[in-house]
Amino acid sequence: MAYYLVKLVVSAGLIVVISEVSKRSGYLGGLIASLPLVSLLAIGWMWFETGDAGKVASFSRSVFWFVLPSLLFFILLPWLLPRLGFYTSMTVACVSTALAYAAMVAALARAGITL
């Protein structure tokens, strides 16, 4: 139980740090958020819990392929915000990104790549 509490506190703490830094500097907050810190934490937790290199490698490959469609969100959101407002922009960017994820999964399947 204590292990899960540590995972929760460390993982949530990362989000709090990024949001607080971003309030002071969008540049620095964006830099920190762009680092694969969440992936590194997940890989570390997974390795600690399973010691399974195959699972870690599979996770890492999946993250690579899913980073690509996630970039659409970061292109659309700043472009949409001045035009549609926050909530509509977030909705459109999220839905568009979800569609991009689905398109990526379909394209990978056609290419014979399974995640």
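The values are calculated or read from the model by the stated rules, or taken from the named source; none is laboratory data. No experiment lies behind these values; they were computed from the predicted model shown. Here the Cβ is made from the backbone with ideal geometry for all residues, glycine too, and neighbour counts use every protein chain on show. Please note that ligands, DNA and RNA were not included when accessible areas were found on the heavy atoms of the full protein model with its side chains. Shrake-Rupley method; radii C 1.70, N 1.55, O 1.52, S 1.80 Å.
Stokes-Einstein, applied to the Kirkwood radius of the stretch 37-103 over Cα pairs at a viscosity of 0.692 mPa s and 37 °C, places its translational diffusion at 242 µm² s⁻¹. Once C-alpha pairs closer than 8 Å and six or more residues apart are averaged by separation and normalised to the residue number of the stretch 15-115, the relative contact order reads 20 percent.
The alpha carbons of the chain stretch over 48, 43, 23 Å along the principal axes, in descending order. Ranking Met46, Leu80, Gly112 by Cα position along the charge dipole of the stretch 4-115, where only Lys, Arg, Asp and Glu carry charges on their C-beta atoms, puts Leu80 farthest toward the positive end. Remark: the chain carries 70 Å² of accessible area per residue (probe radius 1.4 Å; ligands, DNA and RNA excluded).
Each Lys and Arg contributes +1 and each Asp and Glu -1, all at the Cβ; summed about the Cα centre of the chain, the dipole is approximately 200 debye.
In this simple spin-label approximation, Leu5 and Ala107 carry label points 7 Å from Cα along the Cα→Cβ vector, and these lie 4.6 nm apart.
Counting only protein chains, not ligands or nucleic acids, how are Val38, Val56 ordered by accessible area (probe 1.4 Å), most first? Spell out each step's value before the answer.
Numbers: Val38 100, Val56 25 Å².
Highest to lowest solvent-accessible surface, that is Val38, Val56.
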